[in-house]
Structures are given as C-alpha cells and as structure tokens.
1. Within region 16-56, work out how many residues are over 26 Å from residue 245 (Cβ atoms), in contact with a helix residue (DSSP H, G or I) (Cβ under 9 Å, 6 or more places away or on another chain) and either open to solvent by 50 Å² or more (accessible area, probe 1.4 Å) or basic (Lys, Arg) (or both).
2. Give the residues of region 145-195 that are in contact with a helix residue (DSSP H, G or I) (Cβ under 7 Å, 6 or more places away or on another chain), among the polar types (S, T, N, Q) and over 19 Å from residue 15 (Cα atoms), sorted by residue number.
3. Go over the candidates 91, 79 one by one and state the one that is modelled with pLDDT of 95 or more, farther than 17 Å from residue 210 by Cβ, touching a strand residue (DSSP E or B) at 6+ places or on another chain (Cβ under 6 Å) and buried (at least 23 other Cβ atoms within 10 Å of the Cβ).
4. Give the residue, chosen from 181, 202, that is surrounded by fewer than 18 Cβ atoms within 10 Å (Cβ to Cβ) and farther than 14 Å from residue 18 by Cα.
5. If I go through region 154-178 residue by residue, how many of them are part of a loop (DSSP other than H, G, I, E, B) and within 19 Å of residue 74 (Cα to Cα)?
6. Of the residues 52, 71, which single one is modelled with pLDDT of 65 or more, in a loop (DSSP other than H, G, I, E, B) and closer than 22 Å to residue 156 by Cβ?
7. Mind counting the residues in region 85-124 that are in a helix (DSSP H, G or I) and either among the charged types (D, E, K, R) or over 23 Å from residue 164 (Cα atoms) (or both)?
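The values are calculated or read from the model by the stated rules, or taken from the named source; none is laboratory data. This one's a predicted model, so the numbers in the text were calculated from it and none came from an experiment. Don't worry about glycine lacking a Cβ; one is built from the backbone with ideal geometry, like all the others, and counts go over all protein chains shown. Heavy atoms of the whole protein, side chains included, go into the accessibility calculation; ligands, DNA and RNA do not. Shrake-Rupley method; radii C 1.70, N 1.55, O 1.52, S 1.80 Å.
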Amino acid sequence: MKCELTTEQIQFFQTNGFIVIEDFLSPEELAKWREAVTEAIAERKGLKMPGKDAVVGMDDGINKDSEYFSKVFDQLLNLWQTNDKVKDIMLDERIGKMAAQLSGADGIRIWHDQALFKKPWANPTSWHLDTPFWSFSDRRALSIWVALDDATLENGCLYFIPASFKETTFENKGIGKNMDGIFEAYPQFAQVASVSANMKAGSCSFHNGLTIHGAGANMSCGNRRAMTCAYMPDGNVFNGEPNILPDAYLKTIKVGDLLNNEEQNPLIYKA
C-alpha cells in the first residue's frame, strides 16, 4: 500500500480539497479488496445498511427520487459491520493516518464505508457535497475513494471543483437530477474548470466532504466499481441528522452528544 504521503501531497489536498494517489494498492491488495467487497455485497442480499430497512433501488430516506438514483449506482454502506474481510481493510490504521494527515485532525473515526457500483449505462452522479448529509458538522471531514475497476472518462470517473471546500457550507443542497443544480447555491464556482480523476484500478483519491464533486454517466457496457470510506475527525458531536445511524442507536443519543461509539464509529487512528 502506497500510504506514505509527501509534504507536497498534503499541501495539494489542503489547497484544492482533493488528491489522486496512483497505484495506491498493489495488485495483490487490489485482488483482496475486490474479493472482500464482492463477498460482503453478496451476503447483504440487497440490504443497503445495517440497522435500517432500506434495500438497493428503494427510497432510503437520504437520497430523493429513488427511481433516478437507482440508475446512478448500486450503493451499500457499512459493509465493515457485516463482513470481517472488509472490516480488516477498513480499520487499517495506515489509511486512518493518511486521513489524519490530509485533514489535519489528531484522530480519525470511520463514519461509514460505501460500495459504489456504476452499472453499464448508469446515470451521472450530479455535483454535490458529502458532509451536509452526515450526522456531524466538521470542515475537516473527508473520504477515500478506491477504484476497483479502471475509472475513466467513459465509464463515470469522479470530477472535482478545486478549492470549492473553502466556501461551501453545511446547508444540505441535496443531489438533484440536474448536474448544475449545485451552482444555484454556489454560483461563484460555475465558471471554475473541473478536474477529472480518471485512475487505474487500485489507485485512489481523497476528497474533503465540502468539496463539490460528481461523476459522469457510465457510457460503457462494463461496470465501474469503487469502494469508499468517509471519515469523521475524533471529538465530533451529533447534529440531529439521522443519516446512516441505526434506529436503535438514534434513540440513545441527543443533539450535542459525543459520537464516540466504537461499535458504530471506531477510532482507527490517533496521533
């Protein structure tokens, strides 16, 4: 695993809100990730996330217009909670350290992992932000996105709006059908050139949760598979947004409570 970050890489991320790391995984590690994720998805039998009733292709209470989004990607969350192989991968302290270095946080907790599979001919993923969906509010929050297949301009790679995270807010603008919807809220970025993150399988990107990003349609007859994980800097508190928190857990917390439940959001790195 290419887990040692240079000063230049950290500075690039903190300036632009994203970075691509080529050949992040070795071929052997990539095979391990593919096997683990494939197994974990099969075990789920369509259940999107533990502790909730939503299944793939149906309204999950988070994304609006489930019919459209069912054709954007198949999305399964917190596979680490239901498969030991994925758990070993997601709780890797080396990745937690990378997230801490890039974000500037002292400690990193898993918010949720997420398999994102664009099937052949899938719809584009509209420009959006991540953090406003989540149950905490922290400008340092970030995600890793690992390509399990080559992510290309043809099959729906990610795109980023550089430095947008410096001006976006925690107000949730959602993910609409229209690619340009986000620019109604942030018109200052409508004329900023986007940066494509096409990458080979085994490469990865990190992006800040307030960086405007999206993905193209899959214009190919093949899959574009990715495994991702969102990270919460340690010390955050509940902001009242349910997001992916299990219903049983939500009954035990109130706004302002520390989100430090090791069963739900394990601490994977502490400086």
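1. 2
2. Within region 145-195, 172 is the sole residue that qualifies.
3. On the way: 91 fails: buried (at least 23 other Cβ atoms within 10 Å of the Cβ).
It is 79.
4. Details: 202 fails: surrounded by fewer than 18 Cβ atoms within 10 Å (Cβ to Cβ).
Answer to the selection: 181.
5. At the first step, the residues of region 154-178 found to be part of a loop (DSSP other than H, G, I, E, B) are 154-157, 161-163, 167-178.
If we keep only those that are within 19 Å of residue 74 (Cα to Cα) too, we end up with 154-157, 174-177.
The total comes to 8.
6. On the way: 52 fails: closer than 22 Å to residue 156 by Cβ.
None of the others qualify; the one that does is 71.
7. Quick first cut of region 85-124, residues in a helix (DSSP H, G or I) only: 85-90, 93-103.
Checking the rest, the ones that are also either among the charged types (D, E, K, R) or over 23 Å from residue 164 (Cα atoms) (or both) come to 85-90, 93-97.
Within region 85-124, residues that are in a helix (DSSP H, G or I) and either among the charged types (D, E, K, R) or over 23 Å from residue 164 (Cα atoms) (or both) number 11.
Per-residue answers, yes or no, for (1) under 18 Å from residue 267 (Cα atoms); (2) not in a loop (DSSP other than H, G, I, E, B):
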| residue | (1), (2) |
| --- | --- |
| 210 | no, no |
| 214 | no, yes |
| 217 | no, no |
| 220 | no, no |
| 232 | yes, yes |
| 240 | no, no |
| 244 | yes, no |
| 248 | no, yes |
